[in-house]
1. For the stretch 3-67 and the stretch 71-119, what is the centre-to-centre distance using only Cα atoms, to the nearest Å?
2. Can you compute the helix-only [θ] at 222 nm over the chain? Use -39500 (n - 2.57) per DSSP H run of at least 4 residues, normalise by all residues, nearest 500 deg cm²/dmol.
3. Putting +1 on Lys and Arg Cβ atoms and -1 on Asp and Glu Cβ atoms, find which of Y103, S89, L35 reaches farthest to the positive end of the dipole of the stretch 8-118.
4. Kindly provide the chymotrypsin sites (Phe, Trp or Tyr not before Pro) of the stretch 1-101 that DSSP labels as loop, not H, G, I, E or B, and whose Cβ sees at most 15 other Cβ atoms within 10 Å.
5. Using Cα pairs under 8 angstrom and six or more residues apart, how large is the relative contact order of the chain, in percent?
6. Assuming a ≥ b ≥ c are the square roots of the Cα gyration tensor eigenvalues, decide whether the chain counts as rounded (a/c under 1.5), prolate (otherwise, with a/b larger than b/c) or oblate.
7. Of the DSSP beta bridges with both residues in the stretch 8-118, give the percent that are antiparallel, rounding to the nearest 5.
8. Place the peptides 72-81, 17-26 in order of packing, highest mean first, counting for every residue the other Cβ atoms within 10 Å and averaging per peptide.
Amino acid sequence: MAGVFLEIEEIARLATEIASEKQAKDIVMLDVRGLCSFADYFVICTGDVKRHIEAIRQTISTTLKGKGVIPLHNEGTADSGWMLVDFGSVVVHIFAPQERDYYQLDELWNKATLVVRIQ
């Protein structure tokens with residue numbers, strides 16, 4: 001069997017690193033195991049403008065796809081100020097600043113374990 005197998009936490013950490021390399025702001029990686037039935041980790045970050053949000057999403061998806069991790073589902077658009085990439089046990093949320101403030105996902109999941117925060 002060829003290819004690379006990444007552990008679930010490695011997928012979340014790689015998505016976090018990519019977001020940081022793409023200059024995303026206020027990046028958090030949350031361990032939501034025990035709190036959430038549909039994921040183990042959330043990666044939440046903020047992009048400055050529509051093009052930045054799309055670039056973050058595209059780079060995370062492309063890089064992980066190159067390692068054999070295919071998104072199960074995508075939601076939202078850069079125009080809406082929120083994009084979601086669902087890798088199964090890892091869900092990546094990319095927000096515009098206003099939408100991040102409005103939805104306050106960090107607060108909604110404040111009982112989750114903070115694994116990484118990059119500001």
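1. Cα centres, the stretch 3-67 to the stretch 71-119: 9 Å.
2. On the way: 4 runs with 42 residues, N = 119.
The helix contribution divided over the chain gives -10500 deg cm²/dmol.
3. In the stretch 8-118, that residue is S89.
4. Answer by residue number: F5, F38.
5. Working: 219 pairs, mean separation 37.7, N = 119.
Result for the chain is 32 percent.
6. Details: a/c = 1.67, a/b = 1.17, b/c = 1.43.
Oblate, since a/c reaches 1.5 and b/c is not below a/b.
7. Values: 20 of 26 bridges.
In the stretch 8-118, DSSP labels about 75 percent of beta bridges as antiparallel.
8. On the way: 72-81: 14.1, 17-26: 17.9.
Packing order, densest peptide first, comes out as 17-26, 72-81.
Only the coordinates and a few stated rules stand behind these numbers; no lab work does. Just so you know, these numbers come straight off a predicted model, no measurement behind them. Every residue, glycine as well, gets a Cβ built from its backbone with ideal geometry; the counts of neighbours run over all protein chains shown.
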